[in-house]
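Everything on this sheet refers to the single structure shown next.
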Amino acid sequence: MKDKKISVLINREKKRQKTGIELIPSENYASSEVRSVLSSYFVNKYSEGFPKKRYYGGNEVVDEMEILTQERAKKLFKVPFVNVQPYSGSPANLAVYIASCKPGETIMGQALVAGGHLTHGHSVSATSMFYKSVQYGVKINPSKGEDLFDYGEIRRLAKEHRPNLIWVGGTAHPLIFHYEKFADIADEIGAYLAADIAHVAGLIVGGVHPSPVKHVHIVTTTTHKTLRGPRGAMIMVTDKGLKKDPDLSVKIDKAVFPGLQGGPHDNQTAAIATALFEASQPSFKQYAKQVVRNSKELSKVLSSGGLKLIGGGSENHLILADLTSVMGLGSGVFVQKALDLVGLTLNKNTIPGEPSSPFYPSGVRLGTAASTTRGMKETEMQFIGKTIIEVIDIIKNVRLPVEKKERSKMIVEFESKLRKNKTIKVLRDKVKKVAVKFPIP
């Protein structure tokens, strides 16, 4: 019996994706092969434990599949060990804590408001509840072409607080990461250094972003962003990590199971294997190069249109725009909703030194990984950038109410009024005409 209600929702989501352009940098399109494997017979199996060490029978095929996934990841990222079982990025990162720290010990990571991740020690995360968290930020007004990180300040914090674990990697960082500079700091105090490459894993594999493997002890990544796999994660231990602690790989395994999880999602693991196979093809390197080219082109258009870009532009797949000079504080929500109405999907985001709040941030975050998967290139980036500038010009006089109680009502009224705007409707048609030329997998 077919579930008609779910079928309707699936078709609606398919239409939304086909007729719009996805710009959220943490999203991408998995191939039809990856999605096929994700719904394969592996979805039926329970496999607590690890290859050749299971708590259930009937895992001889699963063992081969998981070993294959591990070997592909080790070869692609050039690491001696990988755990491919984490359900997603957050539990993968938590497993790193369990393997490298005791509850209550000090850890250090990039602040969320400065482009970091919740699991790098943010106050509302379990990683701050169970560990003493020290957060480092980025420069608010760096010079043109300057790195966003103040390594002197990071070193000062590290020497003062002596964390057991330091994180490098973020969710809203538009420039490349200089892992060797973080390694110098971590090595100086004897800390573990973990690189969270969730956003740039595909770019690393594609050869357009430096790899952290030579410099860090542990690497974590999701598998669904620039890597274009299913929603999953991996934890890798490097040669440097094993030199620091020969038992580190064993500790990682134990942290994942039984520390945090029960049986792995075998269908997810198999789909990761397929994504890794696809990422090993020569065409993937061309994809990664185009992602960066598109990001740089889109940055140029947005910048020439009057937007201030954090870091002065983009060196990866991601762009972070500061809207304060155009629309004032907390204006990210208005730009996000307005662009939704024309079929350009991005997300409101905090900016370094955020003058408003995470609920009403003053920036937007966008990226080129998904649109590049569909085959879009520089010409389409010019169209996207000019459309974004045109939409912002329509709403540039809107301001977030000072009184918090007035905000929700005002945003509803703003969106309702904008739906009737003739120019917005024209732009929506233009976006749709461009989008449908580029099929989704």
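List of remarks:
- Residue in the stretch 1-9 that is over 19 Å from the mean Cα position of the chain (by Cα), surrounded by fewer than 22 Cβ atoms within 10 Å (Cβ to Cβ) and modelled with pLDDT under 95 present: yes
- Inter-residue pairs, beta-carbon under 7 Å, first farther than 16 Å from K225 by Cβ and in the stretch 265-279, second part of a helix (DSSP H, G or I) and among the aromatic types (F, W, Y), 6+ apart: D266/F42; N267/F42; A270/F42
- Lone unmet requirement of (1) modelled with pLDDT of 95 or more; (2) among the small types (G, A, S); (3) farther than 20 Å from A191 by Cα for A126: (1)
- Sole residue being of a type outside the set (G, A, S), free of Cβ contacts under 8 Å to residues at least 24 places away in the same chain and within 28 Å of G170 (Cβ to Cβ), chosen from F334, F359: F359
- Residue tally, condition assigned to a helix (DSSP H, G or I) and either surrounded by fewer than 19 Cβ atoms within 10 Å (Cβ to Cβ) or of a type in the set (A, V, I, L, M, F, W, C) (or both), over the stretch 382-413: 22
- Among the residues of the stretch 103-118, those identified as in contact (Cβ under 8 Å) with a residue 40 or more places away in the chain and outside any strand (DSSP E or B) are E105, L112, V113, A114, G115, G116, H117.
- Flag if V292 is more than 21 Å from the chain's Cα centre (by Cα), part of a helix (DSSP H, G or I) and crowded, with 18+ Cβ neighbours inside 10 Å: no
- Residue within the stretch 61-69 that is of a type in the set (S, T, N, Q), in the same structural domain as K244 (by TED's automatic domain parsing) and farther than 22 Å from Y179 by Cβ present: yes
- On inspection, E27 fails the criterion of being at pLDDT 95 or above, surrounded by 10 or more Cβ atoms within 10 Å (Cβ to Cβ) and part of a helix (DSSP H, G or I).
- Residue selected from the stretch 50-71 under the condition acidic (D, E) and surrounded by fewer than 17 Cβ atoms within 10 Å (Cβ to Cβ), by the criterion nearest to V237 (Cα to Cα): E71
- Qualifying residue in the stretch 133-142 (condition: β-branched (V, I, T) and in a helix (DSSP H, G or I)): no
- Residue that is nearest to P358 (Cα to Cα), among those in the stretch 382-435 that are in contact (Cβ under 8 Å) with a residue 12 or more places away in the chain and among the small types (G, A, S): G385
- Taken together, the criteria exclude A321 from residues that are under 16 Å from E415 (Cβ atoms), outside the structural domain of I140 (by TED's automatic domain parsing) and modelled with pLDDT of 95 or more.
- Test set (1) β-branched (V, I, T); (2) buried (at least 18 other Cβ atoms within 10 Å of the Cβ); (3) farther than 23 Å from I204 by Cβ - V82 fails condition number: (3)
- Residues (under 20 Å from A271 (Cβ atoms) and without any contact (Cβ under 8 Å) to a residue 60 or more places away in the chain) located in the stretch 202-226: T223
- Of all the listed residues (S249, S211), the sole one being assigned to a loop (DSSP other than H, G, I, E, B) and of a type in the set (S, T, Y) is S211.
- Some residue of the stretch 237-247 being among the hydroxyl-bearing types (S, T, Y) and either surrounded by fewer than 24 Cβ atoms within 10 Å (Cβ to Cβ) or more than 22 Å from the chain's Cα centre (by Cα) (or both): no
- Flag if A255 is at pLDDT 95 or above, buried (at least 24 other Cβ atoms within 10 Å of the Cβ), in a helix (DSSP H, G or I) and assigned by TED's automatic domain parsing to the domain that holds E66: no
The values are calculated or read from the model by the stated rules, or taken from the named source; none is laboratory data. A quick note: this is a predicted structure, and the numbers were derived from the prediction, not measured. No Cβ is skipped: glycine too gets one built from the backbone with ideal geometry, and neighbour counts run over all protein chains shown.
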